[in-house]
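Notes for the one structure printed next.
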Amino acid sequence: MNIQKQMNNFIDYFCSPGSSLEASDFRKYGLSGELRHLKKGHYLIRQGQPASKIYFMLSGYARYMSVSPDGKEFTQSFACAPCVAGSTRAMTRKTRALFSIEALDDVLCLGFEWPDFFEKMKDQPGFLLAYSTLLESMFIKKEEREYSFVQLSAEQRYLDFLEQNPQLRERLPLKMIASYIGITPIALSRIRKKING
């Protein structure tokens, strides 16, 4: 597997039009990620463990999930390649992750130690612009998700999920979708039956 090709894919992701980030900004500081291949069901990071790396998912999809003290699973969000994944809190505060990232498909990703990555790139305006754009996108998604739980019905949350995640609608177990939109699998079955007539 050609890691240089995968690094180029990562650089292209950040060097999108308008980012002002050049591929040379990564190369001249010697940034090189660790290429990882995760099988379905394996974990990129685990709840309760240190998670100091930022990952660029090159292929596959995963879910952010946590487990309560009584063993109940909660699906928090989904990540589909190409995208950046990791725990901002764990990376920046050097603490343990509050959730796990589970591969729902075979996942190919590049991992970078966040402290080293950020130290080398923090003085690059193009990187800071790309990073702020990523954070902005994350905050918007968080706001919209919080709004949906306060203002929308379970049926509307399900319809929004289908619209926003067409690539996942046929690939996820119903119990995972139900957990994501905050209802039981039985309630989701009723909603699906109503929608499908």
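Every number here is computed from the coordinates shown, using simple stated rules; none is lab data. Please read all numbers here as calculations on a predicted model, not as lab measurements. Using ideal geometry, Cβ is built from the backbone for each residue, glycine included, and neighbour counts are taken over all protein chains shown.
Observations, loosely collected:
- Environment charge of Lys53, counting only residues whose C-beta is closer than 9 Å and scoring Lys/Arg +1, Asp/Glu -1: -2
- Divided by 2.2 N^0.38 Å, where N counts the residues, the Cα radius of gyration of the chain comes to 1.11.
- Mean residue ellipticity at 222 nm, helices only, the chain: -13500 deg cm²/dmol; runs of at least 4 DSSP H residues each add -39,500 (n - 2.57), and the sum is divided by the number of residues.
- Both radii were evaluated on the Cα set of region 79-178; the Rg over Rh quotient, with Rh as the Kirkwood radius, amounts to 1.01.
- Amide H to amide H, with H built 1.01 Å from N, Lys53 comes under 5 Å of Trp114, counting only residues 5 or more places away or on other chains.
- Angle in degrees between helix 125-151 and the longest Cα principal axis of the chain, rounded to the nearest 10: 10
- Note on Phe139 and Gln164: their simple-model spin labels are 1.8 nm apart, each label 7 Å out from Cα toward Cβ.
- Extension gain, Asp116-Tyr43: 0.36 nm per intervening residue step, less the Cα-Cα distance, totals 24.0 nm.
- Cut-off 12 Å between beta-carbons: net charge of the residues surrounding Val107, Lys and Arg +1, Asp and Glu -1: +1
- With the simple spin-label model, which puts each label point 7 Å out from Cα in the Cβ direction, the Arg93 to Ser77 separation comes to 1.7 nm.
- Formal net charge of residues neighbouring Ala154 (Cβ-Cβ distance under 13 Å; K, R +1; D, E -1): +2
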